[in-house]
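K.L.:
Can you keep this structure in mind? I'll have questions shortly.
The values are calculated or read from the model by the stated rules, or taken from the named source; none is laboratory data. This is a predicted model, so every value here is computed, not measured. Ideal geometry is used to build each Cβ from the backbone, glycine not excepted, and the neighbour counts take in all protein chains shown. To get the accessible areas, we keep the full protein, side chains included, count just its heavy atoms, and leave off ligands, DNA and RNA. Shrake-Rupley method; radii C 1.70, N 1.55, O 1.52, S 1.80 Å.
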Amino acid sequence: MHWLALLSPPAPPDEAADRSSPRPEQAPTTPALAWWALQFSPRVAALEEAVVLEVAASLRLFGGPEALHQRVAERIGEAGLSLAALAWAPTALAALALARGALAQPGAAGAPGGACVRADGLSAPLASLMDPLPLFTLSAAQAQAPMLARLGCRTLGDVRRLPRAALSRRFGPGLLRALDQAYGQTPQAHAWISAPEQFRARLELPQRLDNALALLHHAQELLRELCAWLAARHAGIEAFELAWAHDAMRARDIGPGGRLLVHSAALTRDFGQLSRLLHEHLLRLELAAPVAELSLQAGEVRALEERSASLLPAGPEQAKEPLEQLLMRLSIRLGAQAVRCGQLQQDHRLEQMQRWVAWNESPPNTAATAAAPDTLPLCPQPTWLLAPPLRLSLRQDQPVYGGAPLQLLAGPQRIEGGWWQPAADGQSSQHQQRDYFLASSPQAGLLWIFQQRLSSEEEGWFLHGLFA
């Protein structure tokens, strides 16, 4: 069997805590780390302050221990989590003991960048790796550490060399059973963890907060659980809802709470991206009363397709923020209508060939609105349109622009339509009858002009577009 133990970073030091224990106190196991580990094995259990995985059946899938270790190190940050130590061993208690021992090594806790300390219990016989470990690496031995120290025991190997019958009579069966389970002589039962079908988490705040941005730190705790839950289901979301409950001691005209719906540009479970979006929303939120409780609920959950890794080494350009995430942040900060994109329309009139919509707005009917490739005009189209078109003067029946007559190069391209659309004033229609020409100007270069044929009152030549 192959067991993998994951240790969270040590908890912040507490001045009132007991300093006599040589083992650094660990943060309690949270569901987030256990849920996140389910993507690597269905057999995940909480063991004291660690999460242990039985990965014998998964090693072939991930390409062996080295590849699995690299995968764990690469993906732990996506859920906003971090690891202090990781250890391999044939038993769960041995993996936990090796992880504790590696973390307690001088300089391990201060690894640069918070790097994860690794202990390999698969490269040598288990007894040779476990015997030198100090007593605190096994909780059952640490509980009897004062008496064992008086007996001259400093390591787990010293305890194993004591007579088993005497050891059981003096310290009870618990210590002997823990040693046997750690060394693989007795099996150990585990309660396997499973992720719930639906995600909804709540958090009672340690103090009442009246600043919306101050809620971000506590909301991130719920976001980590959400991202870990999504990783266990190999899924992603496009939206989630953050709700809050106001303090009971609030004004009578203030409601019980509020809620905030956060949308993502694409399907994701990346903690950093979701956290940045939530930060942008909270920057613009004003609370009506102090908040006492937060809750987080996932939107629609869909399977997230895994992307193949690139054969080329990652360059600096790959570390930049994706365009969709940038546009989403800008639309939150500036407003949805401030970030727009052009959408093709099935129309021959230049003004109606595209419309500008919010960049993340989906068209009502793509088949009906998007212009098919075979319906687009064959003649070159200008890159800049004038709104409204500029009436040109005539000189000897030739249109003039910039003081010089224009030379017609190509045309006419006749366009007629819009009789079915009323104008904005409601009194006329948008009917157009135009002959377009490609013209050359000595000062302005290529121009897109048309001759109006609608009526005698509106006859004339107009400049409609410029070519870059």
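K.L.:
For D210 and Q443 in the same chain, what is the full-extension length gain: residue separation times 0.36 nm, less their Cα-Cα distance, in nm?
P.N.:
Here the answer is 77.6 nm.
K.L.:
Would you rank S440, S264, S123, S82 by solvent-accessible area, highest first, keeping every protein chain in place and using a 1.4 Å probe?
P.N.:
Greatest to least solvent exposure: S123, S82, S440, S264.
K.L.:
Let me ask another. For Q396 paired with R414, estimate the spin-label separation in nm (one decimal), with each label point 7 Å from Cα along the Cα-to-Cβ line.
P.N.:
Result: 2.9 nm between the two label points.
K.L.:
Could I ask something else about it? Could I have the simple spin-label model distance between R453 and L344, label points 7 Å from Cα toward Cβ, reported in nm to one decimal?
P.N.:
Simple spin-label model gives 2.7 nm for this pair.
K.L.:
Amide H of T91: which non-local residues (sequence gap of 5 or more, or other chain) have their own amide H closer than 5 Å, using H built in the peptide plane?
P.N.:
For T91, the qualifying residues are W3.
K.L.:
Modelling each spin label as a point 7 Å along the Cα-to-Cβ direction, I'd like the A73/A143 distance in nm, to one decimal.
P.N.:
For the pair A73/A143, the computed spacing is 3.6 nm.
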